[in-house]
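FYI, it's all coordinate maths here, none of it is from the lab. This one's a predicted model, so the numbers in the text were calculated from it and none came from an experiment. Every residue, glycine as well, gets a Cβ built from its backbone with ideal geometry; the counts of neighbours run over all protein chains shown.
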Amino acid sequence: MPLIGAVADDLTGATTTGVLLARSKARTAVYFNEEAAQRADGAEELDAILISSNSRPLPANEAYDKVKSATAALKNMGVKYFSKRIDTTFRGGVGVEVDAMLDEVGADSVAVVVPAMPQSRRTLVGGYSVIDGVALINTPVAQDVRTPVKENYIPRLLSGQTRRKVGLVALDKILAGEEAVKKALEEKRADGCEVIVCDGITLEDVETIAKACIALKWNVVAVDPGPFTAKLAFCRDLIQAEEPNLPPEADETGKTVLIAAGSATPVTKRQMEVLCEDQRHVRIPVEPIPLIEGGEWAIAEADRAVERAVELLQSDSQPRAILFETALHGALLNLDEEDNKRHYAGGMSANRINAGLGSIVSKVLETVGREKIAGLYTTGGDTMVNVCYQLGVECLEVMDYVIPQTDVGRLVGSYGGLPVIGKGGLTGNDNTACEIVSRLFGEAAR
């Protein structure tokens, strides 16, 4: 029976936390929504379950309902320890979603927020979020098209979103050790705080906070991007020490990695430029406007991309990787403006683009067969969801990461066992895409 359960606001967030548990010998599955989790066979054999509520861009009331319902599903599956997985850059309505989980878990629950993810150089100092040495509001995420972040002081950000009182345990207490953290947490709770933010720079800091929480015997809801959840599980003897789960050396003959790039960040653009410097990797640009318009335009554009990919896959010079992208060539679209032009609901243009990419990948797989495909690589959580949706997949078994927040899994159900790697749009260095393609060939050899 699964003892560990988490709700994430998007799929890549769920896999990021899930991979930390999987690398620690916990059998871990990520479900795309609560309905998929409720329909799942064999869930009782899992150690950890993560559900994506897909709630990050939703209005507050809708996000609240999604998270509360997903938390109830975890309770019904026997979960004992709960986590609210948050984005390392605090996109979305984090405070509202924390309220939803606390309301469902029970009146004695308290949210301990530990935003640090040292593996990805995400830290919290004095309550201020620092991303790879840069203040959060000075990173590209501050201009995120759908969920921009304008507040750098996390207790203030959360206070504007939750109806609960928010407190901060600052770095000096964390560095002073477990007893100091215990005392500071008790003081904040005695002051009426039900959401307590903790500074942290290193994994040792995160573990100190976890030990203090366990010693207090509180009903803690972990609010974090993954490391705090994992440290709590380790200190409770639910999982083992984290270690890589590496594949064997791969024979790359006769296989191709399919890439669906839905992210438009400068980081992703540069990674794909470096990838395509290798002539074995072929870019197939997909025009976004026809996908946004829908109907015959969208079908024609998708079919054009599929036809070109099939031609390459059936040629004597089969590519090592094929990149389908909509936002890495030409002028970058303002998707809010595209929605407004067409009187669409907010986010519909982005959804149609991602659905188009998913349709292309699905049709290519259907046409050429699985044996020619080493694996799938997606950038952006919405892109992964749409690719898997088009393939009829609702669950991933997660296994490892290439680098933190670049997660390795396998499809469950349709095309079961096919390797897939999802990467957030802001993650990695110039060579990360090349590393992901190589890793997928290794995973295909397992």
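Could you tell me which of Met117, Ala309, Pro419 has its Cα farthest along the dipole of the chain towards the positive end, charges placed at Cβ (Lys, Arg +1; Asp, Glu -1), taken about the Cα centre?
Met117
With angles folded into 0 to 90 degrees, how steeply does helix 203-216 sit against the dominant principal axis of the chain? Use alpha carbons for both and round to 10.
50 degrees
By how many degrees, 0 to 90 and rounded to 10, does the Cα axis of helix 266-275 deviate from the longest principal axis of the chain?
40 degrees
Say we join alpha carbon atoms closer than 10 Å with springs in a Gaussian network model of the chain; which of Tyr401, Tyr31, Tyr344 then has the biggest fluctuation?
In the Gaussian network model the winner is Tyr344.
State, to one decimal in nm², a quarter of the convex hull surface area for the C-alpha atoms of the stretch 90-190, i.e. the direction-averaged projected area. Could the numbers behind the result be given before it?
On the way: hull surface 28.7 nm².
Computed as one quarter of the Cα hull surface, the answer is 7.2 nm².
Name the shape class, rounded, prolate or oblate, that the alpha-carbon gyration tensor gives for the stretch 123-248, where a ≥ b ≥ c are the square roots of its eigenvalues, rounded holds for a/c under 1.5, and otherwise prolate holds if a/b is larger than b/c and oblate otherwise. Present the calculation step by step, with values, prior to reporting the outcome.
Values: a/c = 1.80, a/b = 1.09, b/c = 1.64.
The shape class here is oblate.
Order of 424-431, 40-47 by packing, highest average Cβ count within 10 Å first?
Values: 424-431: 19.2, 40-47: 14.0.
Packing proxy ranking, top to bottom: 424-431, 40-47.
Using +1 on the beta carbon of Lys and Arg, -1 on that of Asp and Glu, and nothing else charged, what's the dipole of the stretch 283-383 about the Cα centre, debye to 20? Write out the running numbers ahead of the final one.
Working: 10 positive and 16 negative charges, 59 e Å.
Charge dipole, the stretch 283-383, about its Cα centre: 280 debye, nearest 20.
Using only alpha carbon pairs under 8 Å that are at least six residues apart, calculate the relative contact order of the chain and give it in whole percent.
Working: 980 pairs, mean separation 80.7, N = 446.
Once normalised by length, the contact order is 18 percent.
Within the stretch 358-386, whose backbone N sits under 12 Å from a point 7 Å along Cα→Cβ of Gln314?
Only 367-369 pass the distance filter.
Nearest 5 is fine: what % of DSSP beta bridges in the chain come out antiparallel, could you say?
Details: 25 of 74 bridges.
Roughly 35 percent of the DSSP beta bridges within the chain come out antiparallel.
With the cut-off at 22 Å, tell me which of the pairs Lys84/Lys269; Lys66/Lys150; Lys84/Lys217; Lys68/Lys182 have Cα atoms farther apart than that. Kindly include the intermediate steps, with their values, before the conclusion.
On the way: Lys84/Lys269 30 Å; Lys66/Lys150 24 Å; Lys84/Lys217 19 Å; Lys68/Lys182 29 Å.
Violating the 22 Å limit, Cα to Cα: Lys84/Lys269; Lys66/Lys150; Lys68/Lys182.
Using mean Cβ contacts within 10 Å as the protection proxy, how do 161-172, 327-338, 224-235 order, highest first?
On the way: 161-172: 18.5, 327-338: 15.4, 224-235: 26.0.
By packing density, highest mean first, the sequence is 224-235, 161-172, 327-338.
Would you work out if the stretch 381-446 is rounded, prolate or oblate? Take a ≥ b ≥ c from the square roots of the eigenvalues of the alpha-carbon gyration tensor; rounded if a/c is under 1.5, else prolate when a/b is larger than b/c, oblate otherwise. Intermediate values should be presented prior to the final figure.
On the way: a/c = 2.17, a/b = 1.36, b/c = 1.60.
It comes out oblate by the Cα gyration axes.
Under the 0.36 nm per residue contour assumption, what length would be gained going from the current alpha-carbon distance of Arg163 and Lys183 to full extension? Show your work: numbers first, answer last.
On the way: separation 20, 0.36 × 20 = 7.20 nm, distance 2.44 nm.
Result for the pair: 4.8 nm of gain on full extension.
In the Gaussian network model of the chain, springs joining C-alpha atoms below 10 Å, which of Asp205, Asp382, Asp278 carries the largest mean-square fluctuation?
Judging by the Gaussian network model, the answer is Asp278.
Rounded to the nearest 500 deg cm²/dmol, what is the calculated helix-only ellipticity per residue at 222 nm for the chain, with -39500 (n - 2.57) per DSSP H run of length n ≥ 4?
Details: 16 runs with 182 residues, N = 446.
After summing the helix terms and dividing by the residues of the chain, the value is -12500 deg cm²/dmol.
What shape does the chain take by its C-alpha gyration tensor, where a ≥ b ≥ c are the square roots of the eigenvalues and a/c under 1.5 counts as rounded, a/b above b/c as prolate, and the rest as oblate? Please report the intermediate quantities before stating the final value.
Working: a/c = 1.84, a/b = 1.59, b/c = 1.16.
Taking the square roots of the gyration eigenvalues as a ≥ b ≥ c, the chain is prolate.
What is the magnitude of the charge dipole of the chain about its Cα centre, with +1 placed on the Cβ of each Lys and Arg, -1 on the Cβ of each Asp and Glu, and no other charges, expressed in debye to the nearest 20? Write down the numbers at each step before the final one.
On the way: 47 positive and 63 negative charges, 133 e Å.
Dipole size: approximately 640 debye.
So if each residue of separation counts as 0.36 nm, and I subtract the Cα-Cα distance between His343 and Arg121, what length gain in nm does that give?
On the way: separation 222, 0.36 × 222 = 79.92 nm, distance 4.01 nm.
Result for the pair: 75.9 nm of gain on full extension.
If you scale each eigenvalue of the Cα gyration tensor by 5 and take the root, what three semi-axes come out for the stretch 263-403, rounded to whole angstrom and sorted largest first? Intermediate results must be reported in sequence, preceding the final value.
On the way: eigenvalues 115, 59, 57 Å².
One finds semi-axes of 24, 17, 17 Å for the stretch 263-403.
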